[in-house]
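The values are calculated or read from the model by the stated rules, or taken from the named source; none is laboratory data. Quantities reported herein were computed from a predicted structural model and do not represent experimental measurements. Note that each Cβ is placed from the backbone with ideal geometry, even for glycine, and that neighbours are counted across all protein chains shown. The protein model used for the area step is the full one, side chains on, heavy atoms only, and it has no ligands, DNA or RNA in it. Shrake-Rupley method; radii C 1.70, N 1.55, O 1.52, S 1.80 Å.
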Amino acid sequence: MKTIKKLFASLLTVGMLFTSLPVCAYEYTVTVSTAGKTVDGQSGTITVGTVGDALGYEGKETDDGYYVKAVYYAGTETKATASDSLKEDTELVLSYGMKQDDSKKCTYTVNYVDQNGNTLATSYTGTGYIGDTPVIPYLPISGYIPQAYNLTTNGLTGDASHDTFTFRYTPDTTVTVTPGTTTTTETTTTTTTTTGGDQGTTTAGGDQGTTTGGDQGTTTGGEEETNEPADLINIDDEDQPLANLDDGESSTTSQSTFPTAYVVAGAGLLVLLLALFAFLRSKKQEEE
């Protein structure tokens with residue numbers, strides 16, 4: 001019994017010795033890459049204590065006119081936050097933005113109106129800097145088509161009258177045909193009579209028409225009209241490319257008619273030739 005007690009006491013003593021030894025916990029390493037720039041006098045790969053230490057670089061300026069905009073986990077688009085817990089060695093990378101002069105900060109306005117200038121959606125106010133060339137995307141509005149998908153400028157000026165981007169919308173006239181339904185299109189026929197007795201019929205209401213008359217032939221209408229918006233319009237361009245918007249009027253074909261002036265001229269020339277022939281014949285008969 002005494003032997004068992006001594007053995008138990010020995011085991012207890014050894015256990016207490018192990019528990020009193022310091023535990024060496026593994027500390028994860030956090031490094032920050034400056035991505036080729038010098039920040040706060042440091043460059044290359046910097047070893048820091050925690051993610052929070054890395055976030056301390058945000059807002060600091062580089063030696064070439066940039067500033068640290070955010071801190072990301074290397075190889076990802078995930079921003080680092082102070083509450084992140086680490087489970088392994090971590091590499092972070094600094095993301096930069098160009099330092100701007102606040103005195104050049106300005107605003108621009110984006111409007112969404114119909115052809116009559118009526119507001120279709122609430123205007124948007126953005127912030128930029130003089131000289132910026134923003135590309136403004138259109139706002140989808142049900143039942144309407146803009147003149148362009150994007151608007152841009154050669155540069156913001158700080159002048160509100162210039163820094164205004166206006167999307168002008170027209171009604172979407174696209175016809176959607178549902179299977180099992182019938183769509184009827186009205187066609188207008190106009191008959192015209194030209195000088196000389198040639199009569200032709202012009203059919204309107206489509207992109208092509210057939211003209212018949214004294215000079216038989218088929219005339220195809222102009223280029224096909226579409227309502228596809230332009231990809232990009234620069235508001236500073238003098239000749240802005242507008243969308244090819246159908247004005248709702250039917251295209252018509254032009255009749256091919258023989259110009260009346262040529263008929264008159266030809267008849268006059270024929271009369272002169274006949275008169276000359278008669279004169280020469282009369283003179284010849286006198287000589288005989």
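Quick one: which residues, 5 or more positions from ALA80 or on another chain, have an amide H under 5 Å from its amide H? H modelled 1.01 Å from N in the peptide plane, none for Pro or chain starts.
VAL71, TYR72, TYR73
For the cross-link pairs LYS37/LYS69; LYS79/LYS104; LYS69/LYS99; LYS60/LYS99, which exceed 20 Å when the distance is taken from alpha carbon to alpha carbon?
Values: LYS37/LYS69 13 Å; LYS79/LYS104 29 Å; LYS69/LYS99 10 Å; LYS60/LYS99 10 Å.
Flagged as over cut-off: LYS79/LYS104.
Expressed as a rounded percentage, what relative contact order does region 96-167 have, with Cα pairs under 8 Å and six or more residues apart? Show your work: numbers first, answer last.
Working: 118 pairs, mean separation 26.3, N = 72.
Reported as a whole number, the value is 37 percent.
Can you check what the net charge comes to around THR78, using other residues whose Cβ is under 13 Å from the Cβ of THR78 (Lys, Arg +1; Asp, Glu -1)? Walk me through the numbers before you get to the answer.
Values: positive: LYS79; negative: GLU77, ASP84, GLU91.
Surrounding charge for THR78 is -2.
Through the Karplus equation 6.51 cos²θ - 1.76 cosθ + 1.60, θ set to phi - 60°, convert the phi angles of region 112-122 into ³J(HN,Hα) values in whole Hz; use x for Gly and Pro.
For region 112-122, the Karplus-derived couplings read 10, 10, 8, 4, 9, x, 6, 5, 9, 7, 5 Hz, x marking Gly and Pro.
Per-residue accessible area for GLU286 at 1.4 Å probe radius, Å² rounded to 10?
Approximately 150 Å² of GLU286 is accessible to the 1.4 Å probe.
Using mean Cβ contacts within 10 Å as the protection proxy, how do 42-52, 266-276, 118-128 order, highest first?
Descending mean neighbour count gives 42-52, 118-128, 266-276.
Please list, in chain and number order, the residues 5+ apart from ILE145 or on another chain whose amide H is under 5 Å from its amide H, with Hs placed from the backbone.
The answer is THR170, ASP172.
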